[in-house]
1. Of all residues in the stretch 320-337, which are open to solvent by less than 10 Å² (accessible area, probe 1.4 Å) and out of contact with any Pro (no Cβ under 8 Å at 6 or more places or on another chain)?
2. Can you name the residue in the stretch 250-266 that is touching a Ser or Thr at 6+ places or on another chain (Cβ under 9 Å) and outside any helix (DSSP H, G or I) and, of all such residues, is farthest from Gly223 (Cα to Cα)?
3. With the structure loaded, tell me whether Asn55 is in a loop (DSSP other than H, G, I, E, B), on the phi < 0 side of the Ramachandran plot, of a type outside the set (Ser, Thr, Tyr) and open to solvent by 50 Å² or more (accessible area, probe 1.4 Å) or whether it fails that test.
4. For the list (1) open to solvent by 10 Å² or more (accessible area, probe 1.4 Å); (2) more than 22 Å from Val7 (Cβ to Cβ), I need the number of the one condition that Asp302 fails.
5. Condition first: of a type in the set (A, V, I, L, M), within 18 Å of Ile53 (Cβ to Cβ) and either open to solvent by less than 40 Å² (accessible area, probe 1.4 Å) or at pLDDT 95 or above (or both). Can you find one or more residues in the stretch 311-318 that meet it?
6. Can you find a residue that is modelled with pLDDT of 95 or more, in a loop (DSSP other than H, G, I, E, B) and either open to solvent by less than 10 Å² (accessible area, probe 1.4 Å) or not small (Gly, Ala, Ser) (or both) anywhere in the stretch 216-229?
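The values are calculated or read from the model by the stated rules, or taken from the named source; none is laboratory data. Predicted, not measured: the structure shown is a model, and the values here were computed from it. All Cβ positions, even for glycine, are placed from backbone atoms using ideal geometry, and neighbour counts span all protein chains on display. Please note that ligands, DNA and RNA were not included when accessible areas were found on the heavy atoms of the full protein model with its side chains. Shrake-Rupley method; radii C 1.70, N 1.55, O 1.52, S 1.80 Å.
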Amino acid sequence: MKAQYDVVIVGAGPAGLSAAIFLANNGINPIVLERGVYPGSKNMFGGVVYGQILNKIIPNYLDTVPIERLITKRRISFLSTDSSFSFEHFDDSHRLPPYNGFTVMRPAFDKWLATEAEKAGAKIYNGVTVSGVKYVNNIVLLEIDNGSEHISANTLIAADGVNSVIARKGGFRSSFSEKEVSLGVKETLYLPKNEIDKRFKLEGNEGIANEFVGFSMNGVNGGGFLYTNYDSISIGIIAQIASLKKYAISPAELLENFKGHKFIGPMIKGARTAEYSAHLIPEGGYKALPKLVGKRTILAGDAAGFVLNTGINLEGVNYAIASGIAAGKTIHNAYLKNDFTDASFSYYSKYLDEYNVLNNLKMFKNAGNIINNPRLHRLYPDLLNSVVKFMFNGNENKKIRYRHVLHKYYVKRIGYKNLLKDVYNVIKGLF
């Protein structure tokens, strides 16, 4: 049996479309199957794209990419019941090309990537659901719409997200455990641009990315986020599935708690809700990676679990783009050599390392010990705010040395053993 197509890509997100662009630019025109009505229609995203990787496939991409705002401010806030403490960094150079990061709207961003893929020569078919995969005599056989149709391919790139049908039914991994997956819930709130500029002290197309730890999560492993777009705000929470079940609280309730905090309220006052969405995020990191290649198939993006969460950085889209390019390079190399064995496809790991995907995930493989520490979400934000409040208190009580304050609030309530363990995990996970 001869395959109908040289390369089929399942999923028209950043990973799949980046692979399509690379392949088409190098003389191999793939087809891309997308289950949504258009690329980006089913994707939830509320964050920052670190887009310099796009230069590898779209030179001068900054001339056309649909940017909302350039991220010039980063802030991490620790919330207690009625107070907050933040670390903020501003860098003026981040509003100059090639830019460090920028916010986007996924429907617009994915449509733009799809247009670039089609211009390069890729074919995109929307509204197509891949429901299964089989491997017959070195041919990849895709089941479409529960068996009503089949498509055969010589090679396959699975970029079909965290619930990847290809990954599960192709035998690359079982389902993620509940500790390896988080649920992101986001609202898009419309505010006039001048009001956003005033509230966040921004100018021109500057933007801010703000992550939150503490109060609003009710002890659930996870955190909140707020990112500014041109004339809207993306606000939401990310919560570990296992932790949500443990504390028996709904994501919607967590989001309302978060929005109702006295530090958050003034930022979004008067904003109009335009969109509400939810999406699963693979956060198992390096230790939860599936088998990435085999049987003429490559996993990319969320399907491979390529999301980095260190508690300071949460990156997914740039890893998806990088893995898509790496997958395209792997298949291009296989065609040049006419070698489609697993050994040939193993070059995928080498290409991933060229773009710092696998090596970064491996470097921060122990970050989960930090972000899944219940003390991080329940105790440390409260204690941090208590210490700062004491230090800044201007009453007439006798002052004491700061080391005694730290002992009172931290050592006595946490204990030396737990404190040393947490410090060790931070050093091991991040340094």
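1. Of everything in the stretch 320-337, those that are open to solvent by less than 10 Å² (accessible area, probe 1.4 Å) and out of contact with any Pro (no Cβ under 8 Å at 6 or more places or on another chain) turn out to be Ala322, Ser323, Ile325, Ala326, Ala327, Gly328, Thr330, Ile331, Ala334.
2. Here the residue is Lys262.
3. Numbers: in a loop (DSSP other than H, G, I, E, B): no; on the phi < 0 side of the Ramachandran plot: yes; of a type outside the set (Ser, Thr, Tyr): yes; open to solvent by 50 Å² or more (accessible area, probe 1.4 Å): yes.
Spelling it out, it is not the case that Asn55 is in a loop (DSSP other than H, G, I, E, B), on the phi < 0 side of the Ramachandran plot, of a type outside the set (Ser, Thr, Tyr) and open to solvent by 50 Å² or more (accessible area, probe 1.4 Å).
4. It is condition (2) that Asp302 fails.
5. Yes, the stretch 311-318 contains a residue that is of a type in the set (A, V, I, L, M), within 18 Å of Ile53 (Cβ to Cβ) and either open to solvent by less than 40 Å² (accessible area, probe 1.4 Å) or at pLDDT 95 or above (or both).
6. The answer is yes, given that some residue of the stretch 216-229 is modelled with pLDDT of 95 or more, in a loop (DSSP other than H, G, I, E, B) and either open to solvent by less than 10 Å² (accessible area, probe 1.4 Å) or not small (Gly, Ala, Ser) (or both).
Every residue, every condition in (1) open to solvent by 40 Å² or more (accessible area, probe 1.4 Å); (2) outside any helix (DSSP H, G or I); (3) more than 16 Å from Val317 (Cα to Cα), yes or no:
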position	(1), (2), (3)
Ser77	no, yes, yes
Phe85	yes, yes, yes
Pro98	yes, yes, yes
Glu116	no, no, yes
Val128	no, yes, yes
Val133	no, yes, yes
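Table: residues versus (1) in a loop (DSSP other than H, G, I, E, B); (2) at pLDDT below 95.
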{"position": "Ala322", "(1), (2)": "no, no"}
{"position": "Tyr348", "(1), (2)": "no, no"}
{"position": "Leu383", "(1), (2)": "no, yes"}
{"position": "Ser386", "(1), (2)": "no, yes"}
{"position": "Ile400", "(1), (2)": "yes, yes"}
{"position": "His404", "(1), (2)": "no, yes"}
{"position": "Lys408", "(1), (2)": "no, yes"}
